[in-house]
Amino acid sequence: MTNPSAPSTPSAVLVTGGNRGIGLAIARAFAEAGDDVVITHRSGEPPEGLRGVRCDVTDAASVDAAFTAAEELLGRPVEVLVANAGITKDTLLMRMSDEDFDAVLDTNLAGAFRCARRASKGMIKARAGRIILISSVVGLYGSPGQTNYAASKAGLVGLARSITRELGGRGITANVVAPGFIETEMTGQLTEDRRATYLAGIPAGRFARPEEVAGVVRFLAGPDAAYISGAVVPVDGGLGMGH
Ligand SMILES: NC(=O)c1ccc[n+]([C@@H]2O[C@H](COP(=O)([O-])OP(=O)(O)OC[C@H]3O[C@@H](n4cnc5c(N)ncnc54)[C@H](OP(=O)(O)O)[C@@H]3O)[C@@H](O)[C@H]2O)c1
């Protein structure tokens, strides 16, 4: 049975921060599956084989312009939004400046809000759409030195659940993917001791590949996930059980 509210196939996908890291793996997974993909990037050129538009998610006008440019490239409104752009500015609570707190919230939480708000215009008209917010295990698990980052990532849960309650009846789903430790440049720089300490807390006994996050994102954007909304899907090898 086909689902009336599923995005078209191939889907029109926009991945913020899709020029590197997890966002790039997500963008490549959609592209390899035959979907029409546009990524956002802040500088340089888009990665080979992918179309890109400039976007700074902290700036509403930039988000609006990026969606307009993406929709021109795609030939139709964005059907699947993956809000992946994110930053960290870690330090202990007592030392954290207002600027460091605000910058992380502005990018990770308000940035996702700006993108979801802009994406919702086309999705409401189409009565179909998928919004996938890339959070972190840290959002619900907590992490010393990451009060700003954890607060921003926890906020995405409230954002997705409120979108679900507001737009669920219009064929739009909003879900959160919460990765744990992923093999990226960042985790590649950890000392062996640090790596061993982190690994000891992960039931799976390993970090994840970015492609393992991408697979879950693709599932949530696909027809089999039409009835999943407001969910927090961990991709963390069991680290944050209890989500
Ligand atoms: N790596 C992990 O282990 C891990 C674990 C859990 C969750 N996550 C989350 O997964 C997402 C991707 O992480 P990653 O490790 O792939 O990070 P990354 O390699 O540092 O990439 C971050 C991406 O976000 C973009 N970005 C940052 N600020 C932006 C802004 N103001 N406007 C537009 N784009 C902006 C960056 O663009 P530029 O290239 O222009 O800087 C880059 O494309 C993040 O939301 C992160 O919090 C990561």
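The values are calculated or read from the model by the stated rules, or taken from the named source; none is laboratory data. Treat the numbers as computed from the prediction; the structure is a model and nothing was measured. When we count neighbours, we look across all protein chains shown, and the Cβ atoms used for this are built from the backbone with ideal geometry, even at glycine.
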**OP:** Output the number of residues of region 112-153 satisfying the condition of being under 27 Å from PRO7 (Cα atoms) and without any contact (Cβ under 8 Å) to a residue 24 or more places away in the chain.
**Re:** 1
Subject >> Any hit, region 143-156, residues being over 20 Å from ASP100 (Cα atoms) and touching a helix residue (DSSP H, G or I) at 6+ places or on another chain (Cβ under 9 Å) >> reply: no
Original post:
Can you name every residue in region 125-140 that is buried (at least 21 other Cβ atoms within 10 Å of the Cβ) and closer than 24 Å to ALA103 by Cβ?
Top reply: ILE131, ILE132, LEU133, ILE134, SER135, SER136, VAL137, VAL138, GLY139
Original post:
Do any helices (runs of 4 or more DSSP H) entirely within region 1-116 hold 3 or more residues that are within 12 Å of the ligand (Cβ to nearest atom), and if so, which?
Top reply: 21-32, 60-74
**OP:** Out of ALA174, ALA231, report the one residue that is within 16 Å of the chain's Cα centre (by Cα), buried (at least 21 other Cβ atoms within 10 Å of the Cβ), under 23 Å from GLY155 (Cα atoms) and modelled with pLDDT of 95 or more.
**Re:** ALA174
**OP:** Select from region 230-240 the residues that are aliphatic (A, V, I, L, M) and away from the ligand (no atom under 16 Å from the Cβ) and list them in ascending order.
**Re:** ALA231
**OP:** With respect to SER120, determine if the residue is over 18 Å from LEU24 (Cα atoms), near the ligand (Cβ under 10 Å from one of its atoms) and at pLDDT 95 or above.
**Re:** no
Original post:
Could you list, in sequence order, the residues of region 129-170 that are farther than 20 Å from ASP224 by Cα, within 13 Å of the ligand (Cβ to nearest atom) and not hydroxyl-bearing (Ser, Thr, Tyr)?
Top reply: VAL137, VAL138, GLY139, LEU140, GLN146, ASN148, ALA150, ALA151, LYS153, ALA154, GLY155, LEU156
**OP:** Hey, can you tell me all the residues within region 198-229 that are within 12 Å of the ligand (Cβ to nearest atom) and among the basic types (Lys, Arg)?
**Re:** ARG209
Original post:
Quick one: which of LEU50, LEU14, LEU93, LEU73 is closer than 26 Å to SER143 by Cα and at pLDDT 95 or above?
Top reply: LEU93
